[in-house]
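The next block holds one structure in the form of structure tokens; read it before the comments.
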Amino acid sequence: RLRRFSDTMGLFGDLLDFIGLGGITGIDILFAVMAIIGTVLFLIYFLLVMLFGFADDMLPFDMDMSADGIFHLFTIQGILSFMMMFGIFGLAMTQADQHSLIAIIVGVIAGSVSMYIVGKIFQMMKGLEMDNTIKYSEAIGAKGTVYRTINAGEHGQVQVEYQGALRTSDAVAKDDKLTIQTGKFIKVIDAIGETLIIEPLDISTHSEE
């Protein structure tokens, strides 16, 4: 175990030499470790979120920062961004010959601000994702046309405008003995899962109204 630890420290020392920080000691090593680990893991996490949509609330300890409970400060991206900026700014302060206490304070402030900003960015991303989710219940009351014939007791498709867009959705007739041909006007009266429940639209009655 000691040999493995020594090898790990040796590799880390080589990395510090590579980025021009081979001569640092004391608290500078802490800042460097936080900066390197935080940056690497944050970039990996960000790529995973962008490519695969990994959830951002994967830690068991969350701290509510808003009344509706949407924004959580202590999430993976928040902690990693704190580590990254704490290390970078703290190391920048000590390399500028500032006192260690000042470096720690600046690092904590920078990390906290970064945690807040990154959390807000991920919150906005989650909000956009939720906005793009189709809410079939919003189609209730909308009018449209049959896109693919709805045979008696079977599914078909209709084209209805809801959530600001014309959408093609699976549909069944409220009267399961009724066949509604392609092109006929319909009205959505309910939604079950991703299937719309529709009925024929009486054009003459609608025109009188």
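The values are calculated or read from the model by the stated rules, or taken from the named source; none is laboratory data. Note that the coordinates shown come from a computational prediction; the quantities given were computed from them, not determined experimentally. Backbone-built Cβ (ideal geometry, glycine too); neighbour counts: all protein chains shown. All accessible areas refer to the heavy atoms of the entire protein, side chains included, with ligands and DNA or RNA removed. Shrake-Rupley method; radii C 1.70, N 1.55, O 1.52, S 1.80 Å.
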Point-to-point label distance, Thr179-Thr133, nm (Cα→Cβ direction, 7 Å offset): 3.9
Solvent-accessible area per residue, Å², over segment 133-209 with all protein chains present [probe radius 1.4 Å]: 62
Order by protection proxy (mean Cβ within 10 Å, highest first), peptides 81-87, 161-167: 81-87, 161-167
Area of Ile27 that stays accessible when all protein chains are in place (1.4 Å probe, Å², to 10): 50
Difference of contour (0.36 nm per residue) and Cα-Cα distance, Lys120 to Ala152: 6.5 nm
Under 5 Å, built H, 5+ apart or other chain: amide partners of Ile186: Gly144, Thr145, Val146, Leu201
Accessible surface of Lys174 - all protein chains present, 1.4 Å probe, nearest 10 Å²: 140
Rough spin-label spacing in nm, given labels placed 7 Å along Cα→Cβ, for Ile109 and Ala92: 1.2
